[in-house]
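S.K.: Got a structure for you, questions after.
The values are calculated or read from the model by the stated rules, or taken from the named source; none is laboratory data. Since this is a predicted model, take the numbers as computed values, not measurements. Every residue, glycine among them, receives a Cβ derived from its backbone with ideal geometry; neighbour counts consider all protein chains shown.
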Amino acid sequence: MAKLHISTTINGEPIEFLCDPPQTMLEVLRDQLGLTGSKEGCGSGDCGACSITVDGRLVCSCLMLAAEAEGHRLETIEGMARGDQLHPLQKKFVELAALQCGICTPGFLVASKALLDRNPNPTETEVRYWLAGNLCRCTGYDKIIRAVMEVAADMRETAR
Amino acid sequence: MSSQPYKWIGTRPNRPDGADKVTGRARFGADFNMPGQLIGKVLRSPHAHAVIRSIDTSAAEALPGVKAVVTAKDFPEQPNVIVPTGEMQVNLRDVTRNIMAREKALYEGHAVAAVAATTEAIAREALSLIRVEYEVLPHVIDVEEAMRDDAPVLHDHLRTEGVKPEPQKASNIAKRMENIKGDVAAGFKQAEIVIERSFTTQPVHQGYIEPHATLASAAEDGQVQIWSTTQGHFQVRGFCSRLLNIETSQIRVTPSEIGGGFGGKTVVYLEPVAVRLSQKTGKPVKMVMSREEVFRASGPAPGGSVKVKIGARRDGRIVAAECTIALQAGAFPGSPIGPACWTSFACYDIDNIQVIGYDVVSNRPKVAAYRAPGAPISAWGVESALDILAQELGMDPIDLRLKNAAKKGTKTSYGPTFDTIGFVETLEAAKNSAHYKSPVKPGYTRGVAAGFWFNVGADSSAAAHVAEDGTVTVISGNPDIGGSRASLALMAAEELGVDYEKVRPVIADTSSIGFNFVTGGSRVTFATGLAVVNAVKDMIRELKGRAAKTWGVDPEAVVWENGMARPAGSNVGEFDPLSLAQLAASAGKTGGPINGHAQLNVQGAGPGFGVHVVDLAVDRDTGIVTIDRYTAAQDVGTAIHPSYVEGQLQGGVVQGIGWALNEEYIYNSKGKLDNPGFLDYRMPVASDLPMIETILVEVANPSHPYGVRGVGEVPIVPPLATVGNAIARATGVRMTDLPMSPPKLSAALDAATPRMAAE
Ligand code: FES
Ligand code: FES
């Protein structure tokens, strides 16, 4: 099977890689590019631990073929902090203890950022439904939802 | 709130591993790789019960890229001895059969062979080339069926333990146990009202989001390194040593960050197999389970049946209580039947108790611990029956529990007499909560239930080191599964009188710190916390000695206060206090490095009690339950880092809600699991839930310097009955089988109101 040559952008950097046609984006991120921040919880699109954005759209990277990255802009958890500055969501998750084991955290952060990018003023219900594709078995979601709501409020405050 | 004034304990600083975990930098089980590593994969039985006639691995071995294939032949036979793992006991003879089937495959998903190959694709292809000849046997899944005389027998050698005379015939009932207090027959004679009901539950999975993963490297000189996602790297070392006849000190296990465990990562599945494959190939071998494998072959918690009989007087005082519990152990003996029995009536001060338990094998994966193992199942029965009693007596359910609550001095049915406990305080906190005092919204109903867990102490080691600049490293040996690094650092900072930020907690591998029992049983903040406190005390003793040497006085003439050595009184002499940094800077001249150590077997884990309140609505057409409000009150001893204590309560509650409403293992007629994925095994998601309110009732544990009690397990015990009790009050239908899923609930409602259903 001939390898496919893919040119894409990941976290702002131009990246090229070779992949087999059936390989998923998650496999390439983790096993070839060393970006292990995206996690595999299920491999079937049910847990959200592998969440990334593709041209700003939230995607389960376990359901995306690596070849589909060609010509697109991908963002992963590794690209969320700016230099030595954590993103406000990252900061708030730590401050509010919105993680226990932390395996779901990269996925929740990527998904939450995608939400706030399109809806800076979500209701609790909107946050809960937006994040319904991300499983967390440790926290009962309470502190995650609070963190996202607080960051949304803080960001609106700063934007004023 | 706690009356003692602490500087750090009870505060909510950022966890030390926070930045790593929000940036993707933290390395979990599957994130470890080594140059030249092979990928290992497991071939699993497609049958629920079958004799393995032969295994032909030749075609697989011939495939280019395949470096080794192992079967049970590659693992030495083990003696019939029981060893402790986490909160459960396991038999080595069974463990080696669970990691690799020998004579028989005992459940669908049971490992029968494993390969190591250069790529995952080749490893998968190799699995398809292994020829296994099976003789399929009749199987049994259900616990009650497995107990019947004519049930297919899993183990020909198994005789029921705990019955006299010793049985001659093989049985699936591995054990019968009982604990008795007083005289139940006499007790029931005094009863003015008797409630008697039977309840059942299905197995549920711990549901950690991170699948099992390991990387093993066996070198030519016999030394073995393992990286593994586990709740107990010392247990991984112990099992690999026993199962593969390797000297314990030749094995070094480094725990990765762990993506949830809840008890399910206290046992081994992959590690011994990866080590064996690595030994055979001379290469590192990485193995990661798929989600489907996690469901089919790891965990789960047992399902079971609970028959409850409670006798009370009209004033609500319980005079006798009886319960019979049968739990599925899975394919090998060893369900948490002990804790299920012991916890059943532990919340209550009852003179006459009889509890009988059965440990039953059937053709399912061997169960593993899951948060308060066994306790939610017996509480589901007992707390539901108490709710019926409260309804029949017309009593407030919290008042009924207050009337019978266990207190200091109450003797349990399983032996111990309680020291200071906080059940009464917790009931009162729930009763006085804003939630309980608020009126129930129209269309909603309220449910209440309680729960108990012992909490665990056991073996811990810790060390504390002062660095050259006076900052401190605290070293312990328990994987941090939910923020325990922060709690340990807080206790060390408090004890030492320095800033939390100056203390760096580290989790050491098995070769870098003394033995530690698993992260489980809600023991880490309590027992390992005590080891850390003692290691810091040991270090302070050393620091005082160094100050004494500097001043030329007796060590007894030095006290340690607020992070400084000071003269004990003016008679000692006029000396300026010496800070940690000053003592560290002069350490070379006063005796070298300054360290502290502690090792202990910790007793006196303070038991915990929870009382939960829910408001929910039932959609009569669809059977869908909507939870509007949920409050969990618990006696937590001292909340060292309250955010993580709240988090334990919230997480436990939601797992309990999943257990109550949706989660179950579904088997087809061939004994195969039909729902081995998150789509069909439905765990709660954010949109299913409201915020989970918590009330931390701080009743200090007298056996701990900071009053710590374990907190992680109790919160999963009450929710099953809390939800069931509210549903019963909403609909008039008492559900007795879990989960109370929409199809089951709507069917039960239709059956109860046939006229309405027919309309
Ligand atoms: S791993 Fe992609 S959704 Fe679970
Ligand atoms: S913090 Fe463990 S799964 Fe979310």
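S.K.: Just the residues that are of a type outside the set (A, V, I, L, M), away from ligand 2 (no atom under 16 Å from the Cβ) and within 7 Å of another protein chain (Cβ to nearest Cβ), please, taken from segment A:77-94.
M.R.: Kept after step one, since they are of a type outside the set (A, V, I, L, M), are these residues of segment A:77-94: A:78-79, A:82-85, A:87-88, A:90-93.
From what's left, away from ligand 2 (no atom under 16 Å from the Cβ): A:78-79, A:82-85, A:87-88, A:91.
Correct list: A:78 only.
S.K.: Do you know which residues across segment B:554-580 are small (Gly, Ala, Ser) and either under 42 Å from the mean Cα position of the chain (by Cα) or assigned to a loop (DSSP other than H, G, I, E, B) (or both)?
M.R.: Step one: of segment B:554-580, the residues small (Gly, Ala, Ser) are B:557, B:563, B:565, B:568-570, B:573, B:579.
Selection gives B:563, B:565, B:568, B:569, B:573, B:579.
S.K.: For segment B:207-226, state whether one or more residues are within 21 Å of residue B:476 (Cβ to Cβ) and of a type outside the set (Lys, Arg).
M.R.: Yes, there is a match, as at least one residue in segment B:207-226 is within 21 Å of residue B:476 (Cβ to Cβ) and of a type outside the set (Lys, Arg).
S.K.: Taking segment B:462-485 as the search range and keeping residues that are buried (at least 23 other Cβ atoms within 10 Å of the Cβ) and more than 14 Å from every other protein chain (Cβ to nearest Cβ), which one is modelled with the lowest pLDDT?
M.R.: Here the answer is B:477.
S.K.: Shifting gears a bit: Would you mind telling me which numbered condition in (1) within 16 Å of ligand 1 (Cβ to nearest atom); (2) crowded, with 20+ Cβ neighbours inside 10 Å residue A:90 fails?
M.R.: The single condition residue A:90 does not satisfy is (1).
S.K.: Which residue pairs have Cβ atoms under 8 Å apart, sit 6 or more places apart or on different chains, and have a first residue in segment A:96-117 that is free of Cβ contacts under 8 Å to residues at least 12 places away in the same chain and a second that is among the acidic types (Asp, Glu) and more than 10 Å from ligand 2 (Cβ to nearest atom)?
M.R.: A:102/B:17; A:102/B:257
S.K.: While we're looking at this one, here's another question. Which is within 27 Å of the chain's Cα centre (by Cα) and at pLDDT 95 or above, of B:55, B:82, B:99?
M.R.: Numbers: B:55 fails: within 27 Å of the chain's Cα centre (by Cα); B:82 fails: at pLDDT 95 or above.
Only one candidate qualifies: B:99.
S.K.: Tell me which residues, restricted to segment A:9-53, are buried (at least 19 other Cβ atoms within 10 Å of the Cβ), under 18 Å from residue A:112 (Cβ atoms) and among the polar types (S, T, N, Q).
M.R.: A:38, A:51, A:53
S.K.: Against the definition (in contact with an Asp or Glu (Cβ under 9 Å, 6 or more places away or on another chain) and either within 16 Å of ligand 1 (Cβ to nearest atom) or not β-branched (Val, Ile, Thr) (or both)), how does residue A:18 come out, yes or no?
M.R.: Working: in contact with an Asp or Glu (Cβ under 9 Å, 6 or more places away or on another chain): no; either within 16 Å of ligand 1 (Cβ to nearest atom) or not β-branched (Val, Ile, Thr) (or both): yes.
It is false that residue A:18 is in contact with an Asp or Glu (Cβ under 9 Å, 6 or more places away or on another chain) and either within 16 Å of ligand 1 (Cβ to nearest atom) or not β-branched (Val, Ile, Thr) (or both).
S.K.: Quick check on my filter: what residues within segment B:11-40 are more than 14 Å from chain A (Cβ to nearest Cβ) and in contact with a helix residue (DSSP H, G or I) (Cβ under 7 Å, 6 or more places away or on another chain)?
M.R.: B:40
S.K.: Hey, residue A:18 hits all of (1) among the aliphatic types (A, V, I, L, M); (2) in a loop (DSSP other than H, G, I, E, B); (3) in contact with a Lys or Arg (Cβ under 8 Å, 6 or more places away or on another chain) but one; which does it fall short on?
M.R.: Here residue A:18 clears every test but (2).
S.K.: Right, another one. Across segment A:95-120, what is the total count of residues that are outside any helix (DSSP H, G or I), surrounded by fewer than 24 Cβ atoms within 10 Å (Cβ to Cβ) and within 11 Å of another protein chain (Cβ to nearest Cβ)?
M.R.: Counting residues in segment A:95-120 that are outside any helix (DSSP H, G or I), surrounded by fewer than 24 Cβ atoms within 10 Å (Cβ to Cβ) and within 11 Å of another protein chain (Cβ to nearest Cβ) gives 1.
S.K.: To continue, here is another question. If you check every pair at least six apart or on different chains, which have Cβ atoms under 8 Å apart with a residue in segment B:494-511 that is in the same structural domain as residue B:707 (by TED's automatic domain parsing) first and a residue that is surrounded by fewer than 16 Cβ atoms within 10 Å (Cβ to Cβ) second?
M.R.: Cβ pairs passing all conditions: none.
S.K.: Any chance segment B:529-548 includes a residue that's surrounded by fewer than 18 Cβ atoms within 10 Å (Cβ to Cβ), assigned to a loop (DSSP other than H, G, I, E, B) and not assigned by TED's automatic domain parsing to the domain that holds residue B:712?
M.R.: No: segment B:529-548 contains no residue that is surrounded by fewer than 18 Cβ atoms within 10 Å (Cβ to Cβ), assigned to a loop (DSSP other than H, G, I, E, B) and not assigned by TED's automatic domain parsing to the domain that holds residue B:712.
S.K.: Let me spell it out: the conditions are (1) within 13 Å of chain B (Cβ to nearest Cβ); (2) away from ligand 2 (no atom under 14 Å from the Cβ), and residue A:55 meets all of them except one. Which number is the exception?
M.R.: Among (1) within 13 Å of chain B (Cβ to nearest Cβ); (2) away from ligand 2 (no atom under 14 Å from the Cβ), residue A:55 violates only (1).
Residue-by-condition table, conditions (1) outside the structural domain of residue B:736 (by TED's automatic domain parsing); (2) at pLDDT 95 or above; (3) out of contact with any Asp or Glu (no Cβ under 7 Å at 6 or more places or on another chain); (4) buried (at least 17 other Cβ atoms within 10 Å of the Cβ):
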{"position": "B:392", "(1), (2), (3), (4)": "no, yes, yes, no"}
{"position": "B:396", "(1), (2), (3), (4)": "no, yes, yes, no"}
{"position": "B:404", "(1), (2), (3), (4)": "no, yes, no, yes"}
{"position": "B:413", "(1), (2), (3), (4)": "no, no, yes, yes"}
{"position": "B:424", "(1), (2), (3), (4)": "no, yes, yes, yes"}
{"position": "B:427", "(1), (2), (3), (4)": "no, yes, yes, yes"}
{"position": "B:439", "(1), (2), (3), (4)": "no, yes, yes, no"}
{"position": "B:450", "(1), (2), (3), (4)": "no, yes, no, yes"}
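S.K.: Considering B:290, B:305, which residue is assigned by TED's automatic domain parsing to the domain that holds residue B:82 and surrounded by fewer than 24 Cβ atoms within 10 Å (Cβ to Cβ)?
M.R.: Within the list B:290, B:305, the selection yields B:290.
S.K.: Here's something else I'd like to know. Taking into account only those residues within segment A:111-160 that are within 16 Å of ligand 1 (Cβ to nearest atom) and in contact with a strand residue (DSSP E or B) (Cβ under 6 Å, 6 or more places away or on another chain), which is farthest from residue A:100 (Cα to Cα)?
M.R.: If we take residues in segment A:111-160 being within 16 Å of ligand 1 (Cβ to nearest atom) and in contact with a strand residue (DSSP E or B) (Cβ under 6 Å, 6 or more places away or on another chain), then A:114 is farthest from residue A:100 (Cα to Cα).
S.K.: Can you go through B:266, B:229 and tell me which one is surrounded by 24 or more Cβ atoms within 10 Å (Cβ to Cβ) and within 14 Å of chain A (Cβ to nearest Cβ)?
M.R.: Result: B:229 is the single residue among B:266, B:229 that is surrounded by 24 or more Cβ atoms within 10 Å (Cβ to Cβ) and within 14 Å of chain A (Cβ to nearest Cβ).
S.K.: Pick from segment A:52-78 the residues that are of a type in the set (A, V, I, L, M, F, W, C) and in a strand (DSSP E or B): which of them is nearest to ligand 1 (Cβ to nearest atom)?
M.R.: That would be A:60.
S.K.: When you scan segment A:33-58, how many residues do you find that are basic (Lys, Arg) and in contact with a strand residue (DSSP E or B) (Cβ under 8 Å, 6 or more places away or on another chain)?
M.R.: Total satisfying the criteria: 1.
S.K.: Name the residues in segment B:242-268 that are more than 16 Å from residue B:517 (Cα to Cα), away from ligand 2 (no atom under 16 Å from the Cβ) and not aliphatic (A, V, I, L, M), would you?
M.R.: Matches in segment B:242-268: B:242, B:245, B:247, B:249, B:250.
S.K.: Okay, next question. If residue A:148 meets every condition in (1) part of a helix (DSSP H, G or I); (2) more than 16 Å from ligand 2 (Cβ to nearest atom); (3) surrounded by 15 or more Cβ atoms within 10 Å (Cβ to Cβ); (4) more than 7 Å from chain B (Cβ to nearest Cβ) apart from one, which number is that one?
M.R.: Among (1) part of a helix (DSSP H, G or I); (2) more than 16 Å from ligand 2 (Cβ to nearest atom); (3) surrounded by 15 or more Cβ atoms within 10 Å (Cβ to Cβ); (4) more than 7 Å from chain B (Cβ to nearest Cβ), the lone unmet condition for residue A:148 is (2).
S.K.: Which of the following residues is hydrophobic (A, V, I, L, M, F, W, C), touching a residue at least 60 places away in the same chain (Cβ under 8 Å) and in the same structural domain as residue B:348 (by TED's automatic domain parsing): B:594, B:627?
M.R.: Being hydrophobic (A, V, I, L, M, F, W, C), touching a residue at least 60 places away in the same chain (Cβ under 8 Å) and in the same structural domain as residue B:348 (by TED's automatic domain parsing) holds for just one of B:594, B:627, which is B:627.
This table checks each residue for (1) outside any loop (DSSP other than H, G, I, E, B); (2) within 14 Å of chain A (Cβ to nearest Cβ).
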| position | (1), (2) |
| --- | --- |
| B:592 | no, no |
| B:596 | yes, no |
| B:599 | yes, no |
| B:604 | no, no |
| B:614 | yes, yes |
| B:623 | no, no |
| B:629 | yes, yes |
| B:640 | no, yes |
| B:679 | no, yes |
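S.K.: Criterion first (under 15 Å from the mean Cα position of the chain (by Cα) and surrounded by fewer than 24 Cβ atoms within 10 Å (Cβ to Cβ)) does residue A:123 satisfy it?
M.R.: Numbers: under 15 Å from the mean Cα position of the chain (by Cα): no; surrounded by fewer than 24 Cβ atoms within 10 Å (Cβ to Cβ): yes.
No: the conditions fail for residue A:123.
S.K.: Please work out which one of (1) more than 16 Å from ligand 2 (Cβ to nearest atom); (2) assigned to a loop (DSSP other than H, G, I, E, B) is the condition residue A:31 fails and give its number.
M.R.: Answer for residue A:31: the failing condition is (2).
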